[in-house]
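Novice: What follows is a structure written as structure tokens; I'll ask about it next.
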Amino acid sequence: IQWYIKMIALTYHSITKDYVPDKLNAGGKHVPAQKFEEQMRYLSQKDAINADGIIKKNNNSIIVTIDDGFKNNYEVAFPILKKYNIPFIIFLCTGFMNENLIWTDKLLKLSIDVKDFKKKSIMWLKKHQFSFKEDEVTYDFLRLLFKKIDTPLINEFISSFKDSNQVNSNLYSEIFKPLSWDEVRSMVKTDLCFIGSHTVNHPILSKCDYLRQYEEIENSKLIIEDQLNEKVSLFAYPNGSKNDYNVETLKILKKLDFKYAFTTSFGYNRSFNPFEIERIGITSDLPMWKFKLLINRLWRPFA
């Protein structure tokens, strides 16, 4: 256990060529390339480790992880990671790779493309007797609200827009494009990139019954193993807080022979649980001075 003390795992999602406006950047998950490169340049002076090295390095080790599987992981992040020789893990959402947007991004795209998105959202919320203030109904409000409810209701909301007049714009299209399997294979060949599972459709697992959880986790694992011809033993929980998975999830992961599972709970892994590895989320608004404090275990944003 001593090897794990103060091991840092960083969470990224999307590394964009250009700055993405705040209203489209929920949680700051789209980090601009310039900021990412500055961070990786600093990390290259530290001890970043690969997936196979999790238990082999000292207590100053750092793991770079990237969730979901955006195309810009290959086009933007990969050249930077390669430049500084930093190993990294990508947790793939296999449904997204089949061009089925994760529900949060489906919601975001609707908010961009549907002319009367707010008005129709308010009508739907009233119909389903949600308590809310009309002036607070935005994409980000809906995203946070829907994380608390069952997936079928989310799907019903999204489906309610199918006959809406959509402009189908290419506005900020970079934040909706998934990786291809050829791109993943190209990264894996370098021995810098390791691949883990992030389910098929990115549901909040604690809101799924056992069978649905099992299918989401197993199918994602099987698809990745089939495409890459290698065993998958790494997993990241969708959304990733302690409320987003449960005892059944842990049983499934162990049954399917996963070795490590990553949360989004903030922490330095002082007391290490291989199925609840804590991570530090890196967002677009994080200043470099705070990044350095985090990397050096000198700053904790939450009590």
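The values are calculated or read from the model by the stated rules, or taken from the named source; none is laboratory data. Nothing here was measured: the structure is a model prediction, and the numbers come from that model. Backbone-built Cβ (ideal geometry, glycine too); neighbour counts: all protein chains shown. Please note that ligands, DNA and RNA were not included when accessible areas were found on the heavy atoms of the full protein model with its side chains. Shrake-Rupley method; radii C 1.70, N 1.55, O 1.52, S 1.80 Å.
Novice: Using the structure shown, list the pairs from 147/259; 17/177; 17/162; 126/242; 118/162; 231/259 with a Cα-Cα distance above 21 Å, or answer none. Provide the component values of the computation, followed by the final result.
Specialist: Values: 147/259 27 Å; 17/177 13 Å; 17/162 31 Å; 126/242 30 Å; 118/162 15 Å; 231/259 11 Å.
Flagged as over cut-off: 147/259; 17/162; 126/242.
Novice: Same structure, new question: Tally up the carbon and sulfur contribution to the accessible surface of the chain as a whole percent, 1.4 Å probe, everything protein left in place.
Specialist: 48
Novice: Let me ask you something else. Placing +1 at every Lys and Arg Cβ and -1 at every Asp and Glu Cβ, with all other atoms neutral, what dipole size does the stretch 228-279 have around its Cα centre, in debye to the nearest 20?
Specialist: Values: 8 positive and 6 negative charges, 26 e Å.
The calculation lands at about 120 debye.
Novice: Order the following by accessible area, largest value first: 264, 151, 65. Probe radius 1.4 Å; ligands, DNA and RNA are ignored.
Specialist: Numbers: 264 55, 151 30, 65 0 Å².
In descending accessible area the options line up as 264, 151, 65.
Novice: Next question. Starting at the first residue of the stretch 264-275, write each ³J(HN,Hα) from the Karplus equation 6.51 cos²θ - 1.76 cosθ + 1.60 with θ = phi - 60°, in whole Hz, x for Gly and Pro.
Specialist: So the Karplus estimates, Gly and Pro as x, are 10, 5, 5, x, 9, 6, 5, 10, 8, 10, x, 9 Hz.
Novice: On to the next question. Which whole-number percentage describes the relative contact order of the stretch 184-303, with Cα contacts under 8 Å and a sequence gap of 6 or more?
Specialist: Across the stretch 184-303, relative contact order equals 20 percent.
Novice: Taking amide hydrogens as modeled 1.01 Å from N in the peptide plane, which residues meet the under 5 Å criterion relative to residue 265, leaving out close sequence neighbours?
Specialist: Sorted by chain and number, the residues that satisfy this are 279.
Novice: Taking amide H positions as placed 1.01 Å from N in the peptide plane, with prolines and chain starts having none, which residues 5 or more places from residue 66, or on another chain, fall under 5 Å of its amide H?
Specialist: Those lying under 5 Å, H to H, from residue 66 are 12, 89, 90, 91.
Novice: Could you put 275, 146 in order of accessible surface area, largest first, with the 1.4 Å probe and the full protein assembly present?
Specialist: Numbers: 275 25, 146 0 Å².
My answer, sorted largest first, is 275, 146.
Novice: Hand me the trypsin sites (Lys or Arg not before Pro) from the stretch 164-236 located in a DSSP loop with no more than 12 other Cβ atoms within 10 Å, in residue order please. Don't skip to the answer; put the middle values down first.
Specialist: Numbers: sites: 185, 189, 207, 212, 221, 231; in loops: 189, 231.
Taking the stretch 164-236 and a limit of 12 other Cβ atoms within 10 Å, the loop trypsin sites (Lys or Arg not before Pro) found are 189, 231.
Novice: How high is the relative contact order of the chain, in percent, counting Cα pairs under 8 Å that sit 6 or more residues apart? Please list the in-between numbers first.
Specialist: Working: 498 pairs, mean separation 73.1, N = 303.
Relative contact order comes out at 24 percent.
Novice: Can you give the helix-only mean residue ellipticity at 222 nm for the chain, where every DSSP H stretch with n ≥ 4 adds -39500 (n - 2.57) and the sum goes over all residues, rounded to the nearest 500 deg cm²/dmol? Mind dumping the intermediate values first?
Specialist: Details: 11 runs with 104 residues, N = 303.
Computed ellipticity for the chain at 222 nm equals -10000 deg cm²/dmol.
Novice: Using a 1.4 Å probe and counting only protein heavy atoms, arrange 241, 131 so the residue with the most accessible area comes first. Before the final figure, lay out the partial values.
Specialist: Numbers: 241 40, 131 120 Å².
So the residues, ranked largest to smallest area, are 131, 241.
Novice: When Lys and Arg each count +1 and Asp and Glu each count -1, what net charge do the other residues less than 12 Å away from residue 243, Cβ to Cβ, add up to?
Specialist: Numbers: positive: 147, 148, 207, 242; negative: 244.
Net local charge, residue 243 excluded: +3.
Novice: If you don't mind, there's one more thing I want to ask. Heads up, I need the accessible area for residue 134: 1.4 angstrom probe, whole protein in place, Å², nearest 10.
Specialist: Here the accessible area works out near 90 Å².
Novice: Cut-off 10 angstrom, C-alpha nodes, Gaussian network model of the chain. Which of 156, 276, 218 fluctuates the most?
Specialist: Comparing 156, 276, 218 in the GNM, the peak value goes to 156.
Novice: Could I ask something else about it? Find, among the trypsin sites (Lys or Arg not before Pro) in the stretch 50-145, those assigned to loop by DSSP (not H, G, I, E, B) with at most 13 other beta-carbon atoms within 10 angstrom. Numbers along the way, then the final one.
Specialist: Numbers: sites: 56, 57, 71, 82, 83, 106, 109, 115, 118, 119, 120, 126, 127, 133, 143; in loops: 56, 57, 71, 115, 133.
Taking the stretch 50-145 and a limit of 13 other Cβ atoms within 10 Å, the loop trypsin sites (Lys or Arg not before Pro) found are 56, 115, 133.
Novice: Treating the beta-carbon of each Lys and Arg as +1 and of each Asp and Glu as -1, no other charges, what is the dipole magnitude of the chain about its Cα centre, to the nearest 20 debye? Intermediate results must be reported in sequence, preceding the final value.
Specialist: Values: 43 positive and 37 negative charges, 173 e Å.
Dipole size: approximately 840 debye.
Novice: Starting from the amide H of residue 48, placed 1.01 Å from N in the peptide plane, find each other amide H under 5 Å away whose residue is 5 or more places distant or on another chain.
Specialist: Sorted by chain and number, the residues that satisfy this are 62.
Novice: Then there is this: Using +1 at the C-beta of Lys and Arg and -1 at the C-beta of Asp and Glu, which of 241, 190, 227 has the Cα lying farthest in the positive direction of the dipole of the chain?
Specialist: Final value for the positive-end residue is 241.
Novice: Next question. Calculate the dipole size of the stretch 21-105 relative to its Cα centre from +1 charges on Lys and Arg beta carbons and -1 charges on Asp and Glu beta carbons; express the result in debye to the nearest 20. Spell out each step's value before the answer.
Specialist: Numbers: 10 positive and 10 negative charges, 69 e Å.
Approximately 340 debye in magnitude.
Novice: OK, next. Which of 139, 89, 266 sits farthest toward the positive end of the charge dipole of the chain, with +1 on the Cβ of Lys and Arg and -1 on the Cβ of Asp and Glu?
Specialist: It is 266.
Novice: Using each residue's phi in the stretch 251-261, evaluate 6.51 cos²θ - 1.76 cosθ + 1.60 at θ = phi - 60° and report the 3J(HN,Hα) Karplus result to the nearest Hz, with x for Gly and Pro.
Specialist: Going residue by residue, I get 4, 5, 4, 5, 5, 8, 6, 6, 9, 9, 9 Hz, with x marking Gly and Pro.
Novice: Right, something else. Roughly how many Å² of residue 49 are accessible to a 1.4 Å probe, to the nearest 10?
Specialist: Result for residue 49: roughly 10 Å² accessible.
Novice: Then there's this: Quick check on the chain: of the DSSP beta bridges with both residues there, what percent are antiparallel, nearest 5%?
Specialist: 5
Novice: Whole number in Å², please: accessible area per residue of the stretch 1-157, 1.4 Å probe, ligands, DNA and RNA not counted. It would help to have the intermediate numbers written out before the result.
Specialist: Working: 7280 Å² over 157 residues.
It amounts to 46 Å² per residue over the stretch 1-157.
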